[in-house]
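So the structure is just underneath, and the comments pick up after that.
The values are calculated or read from the model by the stated rules, or taken from the named source; none is laboratory data. Small disclaimer: the values here were computed from a predicted structure and weren't measured. When we count neighbours, we look across all protein chains shown, and the Cβ atoms used for this are built from the backbone with ideal geometry, even at glycine. Quick note on the areas: whole protein, heavy atoms, side chains included, nothing else; ligands and nucleic acids left out. Shrake-Rupley method; radii C 1.70, N 1.55, O 1.52, S 1.80 Å.
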Amino acid sequence: MKLFKQSGLFLAAALITFACSKPSETVQTSDAKEVAEAKGAVLAINPSATTIAWRGYKPAGQHFGEIPSTEGSIAIEGTEITGGKFTFDITGLKITDLEEGSENYGKLYGHLQSPDFFDAANHPTATFEITSVEPFAAGDVIADVEQFETENTPTAASALTPENPTHWISGNLTLRGNTKNIKFPATVMVENGAVAAKAGFNIDRTEWGLAYGDEANAVDKAKDQFIYNTVSIQLDVKAD
């Protein structure tokens with residue numbers, strides 16, 4: 001696989017999503033909203049059992065990996081989530097499609113940490129704070145839209161959504177010092193004082209200032225001189 005020479009991708013984490021009524025391949029964003037008041041029992045996340053996977057795309061290839069969650073909590077009242085906050089370590093980002101320690105790994109990791117992307121020296125962490133949780137209704141849909149077709153067109157939003165989503169989760173995602181509210185479908189299970197949640201969605205990295213290789217600026221996309229703005233995120237969170 002060809003290394004993203006100007007690799008742009010991400011994320012982070014994490015972390016997140018889309019609206020049910022308007023076709024959109026990435027989550028719709030809005031200004032930051034008031035954080036939900038955490039009610040009931042507060043559960044600490046289990047970092048070793050929590051994964052935040054990312055995947056970035058360029059016509060010539062893909063890169064993917066994980067971002068560790070260093071701390072976080074979820075508040076529950078009965079079987080409902082009432083709030084939560086998570087912190088992600090951008091400096092701990094892993095690239096799992098390349099051999100760690102290799103020259104290509106070092107080049108891509110360094111570029112992602114640079115001001116072209118995460119600017120990790122000034123913004124080493126990302127956070128996500130829940131603002132609301134709503135039921136996923138039977139009539140809600142995840143609509144896909146066309147993207148520029150290549151051998152590495154980003155994965156469709158509907159393909160990332162977990163089977164039988166139960167809730168829409170909204171929250172403020174802070175990345176590179178920029179905060180946007182996002183909303184995404186998730187499958188949530190609260191049982192025996194523990195929470196397990198899964199979600200998958202696409203984000204537009206440029207919404208948070210990660211604009212290197214912005215595909216919107218590509219004069220001729222057929223020449224492979226851009227990086228898709230779409231980044232796929234998949235979350236698997238456990239708290240107890």
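Taking (1) open to solvent by less than 60 Å² (accessible area, probe 1.4 Å); (2) at pLDDT below 95 in turn, Ser21 satisfies each apart from (1). Contact map, the range 165-180: residues that are under 17 Å from Gly83 (Cα atoms) and touching a residue at least 60 places away in the same chain (Cβ under 8 Å) paired with residues that are charged (D, E, K, R) and crowded, with 19+ Cβ neighbours inside 10 Å, Cβ distance under 6 Å, separation 6+ or inter-chain. Pairs shown: Trp168/Lys183; Ser170/Lys183; Gly171/Glu129; Asn172/Glu129; Leu173/Lys180.
Pairing each residue of the range 217-228 that is touching a residue at least 40 places away in the same chain (Cβ under 8 Å) and acidic (Asp, Glu) with any residue that is in a loop (DSSP other than H, G, I, E, B) and open to solvent by less than 60 Å² (accessible area, probe 1.4 Å), provided the two are 6+ apart or on different chains, yields C-beta distances under 6 Å for Asp224/Pro59; Asp224/Ala60. Of all residues in the range 87-104, those being part of a strand (DSSP E or B) and either out of contact with any His (no Cβ under 9 Å at 6 or more places or on another chain) or open to solvent by 40 Å² or more (accessible area, probe 1.4 Å) (or both) number 4. Glu37 - would you say it is at pLDDT below 95 and either open to solvent by less than 40 Å² (accessible area, probe 1.4 Å) or in a strand (DSSP E or B) (or both)? The answer is no for Glu37. Of the strands (runs of 3 or more DSSP E) lying entirely inside the range 138-240, those carrying at least 3 residues that are among the small types (Gly, Ala, Ser) and either closer than 26 Å to Pro47 by Cα or open to solvent by 50 Å² or more (accessible area, probe 1.4 Å) (or both) are 194-204. Consider the range 116-133 and keep the residues that are within 19 Å of the chain's Cα centre (by Cα) and free of Cβ contacts under 8 Å to residues at least 40 places away in the same chain. The one that is surrounded by the fewest Cβ atoms within 10 Å (Cβ to Cβ) is Pro124. So how many residues does the range 64-86 have that are open to solvent by 20 Å² or more (accessible area, probe 1.4 Å) and β-branched (Val, Ile, Thr)? The qualifying residues number 4. One residue stands out among those in the range 144-158 that are touching a residue at least 40 places away in the same chain (Cβ under 8 Å) and among the acidic types (Asp, Glu): the one that is nearest to Gln62 (Cα to Cα), which is Glu151. Criterion first (touching a Leu at 6+ places or on another chain (Cβ under 8 Å), of a type in the set (A, V, I, L, M, F, W, C), within 30 Å of Gly72 (Cα to Cα) and at pLDDT 95 or above) does Val188 satisfy it? Taking the combined requirement at face value, the residue does not satisfy it.
Scanning the range 105-115 for residues that are touching a residue at least 40 places away in the same chain (Cβ under 8 Å) and open to solvent by 70 Å² or more (accessible area, probe 1.4 Å) returns a single hit, Lys107.
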